[in-house]
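The values are calculated or read from the model by the stated rules, or taken from the named source; none is laboratory data. Owing to the predicted nature of the structure, the values given are computational and were not obtained by experimental measurement. Virtual Cβ from ideal backbone geometry, glycine too; neighbours counted across all protein chains shown.
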């Protein structure tokens, strides 16, 4: 119930195309869904995040779509650029002030994105 | 730069040995999380400390231990090392105990030969 499943494992997109990465979760208590971007030799960095009270969040070329009933969320990268080539991780956590809530992130397995020029 | 500092960046050691990884969280952050990243396991949560106290435990082996000191820096101790312990170990910090953005360091790459 703690798992977050991510697909695809790898993705190749042409410059200017749309990259789509999908995640599914099981635990309905999760209430925070971030996406992290990781470049080789670096730590993961927060890209964009959403809470389940909204169905979509957009920041520049990056959009999260959230489907609470299906327990799925996805990252869309519009106008993909070679500089977007990195590994992307979805994650989920249970935050808030309730007992047992630690805010620990449960990560998906990651998607390696390559954007070809 | 996330503001989270990890040392050493690289470490090569032999099986059976013991190592200590160090993490300095961002200024003002009270929570420290440790994650292990290996090729086949992704990012696995190990343990969390909040203001010096252990708050959550994940898939941390008994050979591993951690602590958070009064100045809020944290150390992850790995003992009786095995080949399979070779991985990237990340420290992350946040202000609160549960909510808020998690900031990651650049990791310590451990190679066990």
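Just a few scattered comments:
- Among strands (runs of 3 or more DSSP E) entirely within segment A:17-112, having at least 1 residues that are within 17 Å of residue B:45 (Cα to Cα) and more than 14 Å from every other protein chain (Cβ to nearest Cβ) singles out A:19-25.
- Check on residue B:52, free of Cβ contacts under 8 Å to residues at least 24 places away in the same chain, surrounded by fewer than 17 Cβ atoms within 10 Å (Cβ to Cβ) and at positive phi: yes
- Note on segment B:55-107: residues that are within 10 Å of chain A (Cβ to nearest Cβ), assigned to a strand (DSSP E or B) and under 19 Å from residue B:12 (Cα atoms) amount to 3.
Conditions (1) in contact with a strand residue (DSSP E or B) (Cβ under 6 Å, 6 or more places away or on another chain); (2) crowded, with 19+ Cβ neighbours inside 10 Å; (3) closer than 25 Å to residue B:98 by Cβ, marked per residue:
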position: A:3; (1), (2), (3): no, no, yes
position: A:7; (1), (2), (3): yes, no, no
position: A:24; (1), (2), (3): yes, no, yes
position: A:43; (1), (2), (3): yes, yes, yes
position: A:49; (1), (2), (3): yes, no, yes
position: A:72; (1), (2), (3): yes, no, yes
position: A:77; (1), (2), (3): yes, yes, no
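- Taken together, the residues in segment B:26-54 that are within 14 Å of chain A (Cβ to nearest Cβ), in a loop (DSSP other than H, G, I, E, B) and out of contact with any strand residue (DSSP E or B) (no Cβ under 7 Å at 6 or more places or on another chain) amount to 4.
- In segment A:26-41, the residues that are on the phi > 0 side of the Ramachandran plot and surrounded by 15 or more Cβ atoms within 10 Å (Cβ to Cβ): none
- The requirement of being without any contact (Cβ under 8 Å) to a residue 12 or more places away in the chain and either surrounded by fewer than 22 Cβ atoms within 10 Å (Cβ to Cβ) or in contact with a helix residue (DSSP H, G or I) (Cβ under 6 Å, 6 or more places away or on another chain) (or both) is satisfied by residue B:39.
- Filtered by the rule that a residue be modelled with pLDDT of 95 or more, closer than 29 Å to residue A:3 by Cβ and assigned to a loop (DSSP other than H, G, I, E, B), segment B:1-25 gives B:4, B:25.
- Taking the listed residues A:72, A:38, the one that is out of contact with any helix residue (DSSP H, G or I) (no Cβ under 9 Å at 6 or more places or on another chain) and closer than 28 Å to residue B:50 by Cβ is A:38, with no other qualifying.
- For segment A:12-33, a residue qualifies if it is within 14 Å of the chain's Cα centre (by Cα) and modelled with pLDDT of 95 or more, and the qualifying residues are A:19, A:20, A:21, A:22, A:23, A:24, A:25.
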